Every structure is written in C-alpha cells, then in structure tokens.
Amino acid sequence: MQQVNIALFQWLSAGHAPSSPWLWSAGLIVAAASWLCAGLLGLAAWRQPAQRGYAVAVLCAAGVASLMAHALADAIAMPRPFMAGLSPNYGGHGARGSLPSAHASVMFTVALVLCLRPALRRTGVAVFTLALAMGWARIHMGMHFPLDVAAGLLLALAIAASRSSCWRSPGVS
C-alpha cells in the first residue's frame, strides 16, 4: 500500500523541480480553501436563517473532526513526504504526523454534514469540491501523501454517518 501511496504522491506532487504556475496555484488553494469553506458556511447560514442552528451543528462536527484527526496523527506519527525527503516543504508545514490530514478531515466533514441537509446540499457540494482541491494542493506542496487525504475523507465519512444516526431529531432531516 505504501508503494502505491508514494507512486501517487510522486505523480501529484511538485517534487524537486516544480512548475511555478502549478505551485503558485496550489499555494493559493492552501491559503484560501479553509477561509472559503468558512465563508460558504456563513453565507448559507445568513441566506437561510432556518438553517443557522444546523450550521452550528456543522461547526461542532468540524471541531470533532479536527480533534480526532490531530489525535490520530499524533498516535500514528506517519512522517510527511518532506520529512522522508520525497519533496521540499513548499508550504512551511511543521514536522508532525500527517495521517489523517486534519484539513481534509475538517473540510470533508463540513461538506458531508452539509450534504445530509437537503436545504444545504448545494453548499455541501461546493465545499466538497474545495476539499478535493485543497487535498490536491497539500499533496502538490509536499505536505501530505494521498493516503493522508483519503484517511481524512474516511474520518469525515465516519463523523457524518454518526451525525446522521445520532443527531437526528424528529422532523429534522
């Protein structure tokens, strides 16, 4: 599995000879994706007052995702690609565990929990698209392996599934 992970990383990453436009694009996505995600959630809550309580629940799920991702990354202690010498660290990231990606975990959680609510599904799809772009960008910049981002998606799926089964109230979808 690690051989496939490394092969995918080498295909997606900037490596030691980056293309300036791609690296610039990845840096822009890394800098903006989280803010855009928060902005989309805020815009949805502002435009749909009936969904504001649910937006708070989405933020709580994001907090859970962040705490769980960081705890897992600390416990697993998987080195990042730049720590293994596979790529320079183009994003200035610290040398700590990378599996799962906390950014991917949080953004995919926000996206999936939004998608559970029909009134917020379009916003969820937009955030999911941002999460995919952010995952690629963090791989491209040498901060994560593809498996780190995929593990973030799996953690988000687990959190969204628990939200779907545990947080459901009568009359709420």
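Distance between the 7 Å Cα→Cβ label points at CYS60 and LEU8: 3.3 nm. A P(r) calculated from all alpha carbon pairs of the range 19-166, with 10 Å bins opening at zero, reads 13, 42, 31, 13, 2 percent. Neighbours of ASP148, meaning other residues whose beta-carbon lies under 10 angstrom from its beta-carbon, give a summed charge of +2 when Lys and Arg score +1 and Asp and Glu score -1.
Packing, as the average of other Cβ atoms within 10 Å across residues, places the peptides 3-10, 58-65, 131-138 in the order 131-138, 58-65, 3-10, highest first. Helix content alone sets the calculated 222 nm mean residue ellipticity of the chain: runs of n ≥ 4 DSSP H residues at -39500 (n - 2.57) each, divided across all residues, give -23500 deg cm²/dmol.
Where a number appears in this text, it was derived from the coordinates with a stated rule and is not lab data. In this text the structure is predicted, and so the values were computed from the model without any measurement. Glycine also receives a Cβ, built like all others from the backbone with ideal geometry; neighbour counts cover every protein chain displayed.
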